[in-house]
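The values are calculated or read from the model by the stated rules, or taken from the named source; none is laboratory data. A quick note: this is a predicted structure, and the numbers were derived from the prediction, not measured. Reconstructed Cβ throughout: ideal geometry from the backbone, glycine too, with neighbour counts over all protein chains shown.
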């Protein structure tokens, strides 16, 4: 295993009767990062996560955690991993603190001091003695993350932690994920269908579709390699259009009044701004619109098209 990898999957596959939910998946999660795991519904994300946590066995292939095969060192390596799969379940008539005390007793880990510490990390210490039935959905999700932190994990797997949350709840969980990485130095594996959340939190990512890996790498590098839709508000627009035509930096999409939209690699936007400024063009706004969502859709739609073309 690469020295900076927390998890690796090698040709990982899972079949349910005649359907392959995951097929030949190779994946590397670097240490110390927030790793985004993307895919449309039914892509195989939850099945993959269950194999990572040894909740189900793969049909073929293998998983390594911290450089050790999961099937041979299950107890040892999973003791260093925390997980929240889909949603957390608690005794609603008990307090948050009592719920965590029960989990800690069953797992044989987590003192009263540790319970207070994890509640503080997730921002629930002041509500620790309130019954869970009084919690919002977002608070319950954060309590689930607190539960996953009881064993001082080095690596935490979160499966759709913002599912069903309102914007405030999403923001709270997003901030928590970033703090786990930056302050607690935990490697975070974040599965989500909310692409904007991955774009705002993850440093690396992988996209799967129909159980197969489409792409993985650094979020910033993957997006910079793709074309952006750049919106320009410039004066005079005629000079800007001439420069775009002369330097062939971009393909013109539309021009209306003082506004121009072009498609070009995000990495070339600074050079375009420099050319326009040197030509005396006033730039009132220059907005790259390339998003992870557009990138995701372009890749998954390509995959759908390729499957439709197969005989």
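If you go through region 9-27 and keep only what is more than 9 Å from residue 61 (Cβ to Cβ) and crowded, with 19+ Cβ neighbours inside 10 Å, you end up with 21, 23, 27.
For residue 77, the conditions (1) over 15 Å from residue 156 (Cα atoms); (2) in a helix (DSSP H, G or I) all hold with the exception of (1). Take the conditions (1) surrounded by 14 or more Cβ atoms within 10 Å (Cβ to Cβ); (2) at pLDDT below 95; (3) assigned to a loop (DSSP other than H, G, I, E, B); residue 89 misses just one of them, which is (1).
Among strands (runs of 3 or more DSSP E) entirely within region 201-311, having at least 3 residues that are surrounded by fewer than 16 Cβ atoms within 10 Å (Cβ to Cβ), modelled with pLDDT of 85 or more and not assigned by TED's automatic domain parsing to the domain that holds residue 173 singles out 282-288.
Scanning region 160-191 for residues that are surrounded by 14 or more Cβ atoms within 10 Å (Cβ to Cβ) and either over 16 Å from the mean Cα position of the chain (by Cα) or assigned to a loop (DSSP other than H, G, I, E, B) (or both) yields 160, 161, 162, 163, 165, 169, 184, 186. Residue count for region 80-113 under the criterion of being without any contact (Cβ under 8 Å) to a residue 12 or more places away in the chain and more than 28 Å from the chain's Cα centre (by Cα): the result is 8.
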